[in-house]
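Structure first, then comments.
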Amino acid sequence: MTVARNNDLEAQIAEWRAYMHRRRELHRTDAEELEDHLRSRITELTEAGLRADEAFLIAVKRMGSLDELSREFAREHSERLWKQLVLPGEPDAPTAARSRRELPVMVLCAAVAALAIKVPSWFGFDMSDDDGGFYARNLSLFALPALAAYFVWQRRVGPRVIGVLALPFILGAVIANAYPLADDSQSMALTAIHLPLALWLVVGVAYVGGDWRSDRRRMDFIRFTGEWLIYFSLLGMGGGVLTAFTVGTFNAIGLDAEGFVQSWLLPCGAMAAVIVSAWLVEAKQSVIENMAPVLTRVFTPLFAATLLAFLVAIAWTTNGVDVERDALILFDLLLVVVLGLLLYAISARDLTARPGLFDRLQLALVVSALIIDGIVLLAITGRITEWGFTPNKTAALGENVILLTNLAWSAWLFLGFVRGRMPFARLEHWQTRYMIVYAVWAWTVVLAFPPVFDFA
């Protein structure tokens, strides 16, 4: 009986929390503080002898007397008994305005990122003639430090966290440029791919204000990543249209604008878009949270059908998987997209909802991806046994082992949830913890692969 009451209380708190997180004017750190305040009031009341549901009602009423958001929550859920406990006699209060300084700070960080990519040209590194791969290796170092600085200002983190954040960026800059890699080195391409991934997790530490131990805040960063990708893609498409109009209109009056576009508009605009996209996500959360779940629900069944068709084709034709470099990249990208769909579906899901058809589609997607990853791993290990280790094959092997582990345990947790034997929160907890494994592997590729394979 006690367990059932606790589950009911957690369901009520989860609904209250979900409402708070949908409020664009309320930062997630503020929502967490409000939840802690609510829980402490509930604990005080239950220790005084009240039942959990009674304590929840009274705690919400008392918070409603102090906080407009609680009153709005009660007003929206009109079927709840505690509407009457919160609403009477409570006048409406104005919505808190976002700080006026946020826009200038965002513009400053975007300008810094845009100009940073032009600094190397002052020292003879021409972007149009990047034979040594300088810009490919250092691309993430132009924009991501400015993005981290934006979150440092926004979250008001202390000097200790700033020092922790600065260290990986300095290390990445040294490693990306210290190794004398040949132009055709596989480690060069691997560094260009993995360094942005490694530094993106550093940005995540800034995003959560240094509180990386919190599962909830790590999931917030996963949610932010999905939303950021949507906005960045939209800005990219808009930038493509702007570029076409710029070139076309200037050509119409006899001026060649292609040099300006290639040297300034495209690179500087791309770096600035990294910061602007983050600012849009933070400023327009309620809008993007309506977009991303729709995209997830559209593409999850499509990808599930595609993977199932691919497995049927393999069984029908008995053809093996091609493990050449381009094919490995394609399969890895496919599995990463599947994982991205899974992560964002988890982050946007109502934890109190019962399992439904969409959850079963996700389970089919994860199981299909797991089988494909197993087939790819068998092909990679067979190729390594025959031809030996190379940087590309080693990186593909490590990444597919990491993906296999994640997909296998995710499938097990999803199965337990669909069968009603496991809470959905365990799947969320697992995914946020496994982010650290990806970060460790990305840093391993960047730091260890050049000395092991290029200078052995």
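Remarks
- Ordering Ala408, Phe424, Val366 by Cα displacement along the dipole of the range 291-452 toward the positive end leaves Phe424 in first place; charges were set at the Cβ atoms of Lys, Arg (+1) and Asp, Glu (-1).
- At the residue level, Lys118 shows approximately 20 square angstrom of accessible surface with a 1.4 angstrom probe and all protein chains present.
- Order by protection proxy (mean Cβ within 10 Å, highest first), peptides 247-254, 108-115: 108-115, 247-254
- Taking all protein chains together and a 1.4 Å probe, the residues Phe260, Phe232 rank Phe260, Phe232 from largest to smallest accessible area.
- Residue order for His37, His194 - accessible surface, 1.4 angstrom probe, largest first: His37, His194
- Peptides ranked, highest mean first, by Cβ atoms within 10 Å: ranges 203-215, 38-50: 203-215, 38-50
- In the context of the full set of protein chains, residues of the range 102-283 present 47 Å² of accessible surface per residue (probe radius 1.4 Å, heavy atoms only).
- Accessible area of the range 339-456 divided out per residue, in Å², using a probe of 1.4 angstrom: 45 Å²
The values are calculated or read from the model by the stated rules, or taken from the named source; none is laboratory data. Here the structure is a predicted model, which means the values were calculated and not measured. Cβ: placed from backbone, ideal geometry, glycine included. Neighbour counts: every protein chain shown. Heads up: the accessible areas ignore ligands, DNA and RNA and are worked out on the full protein's heavy atoms, side chains in. Shrake-Rupley method; radii C 1.70, N 1.55, O 1.52, S 1.80 Å.
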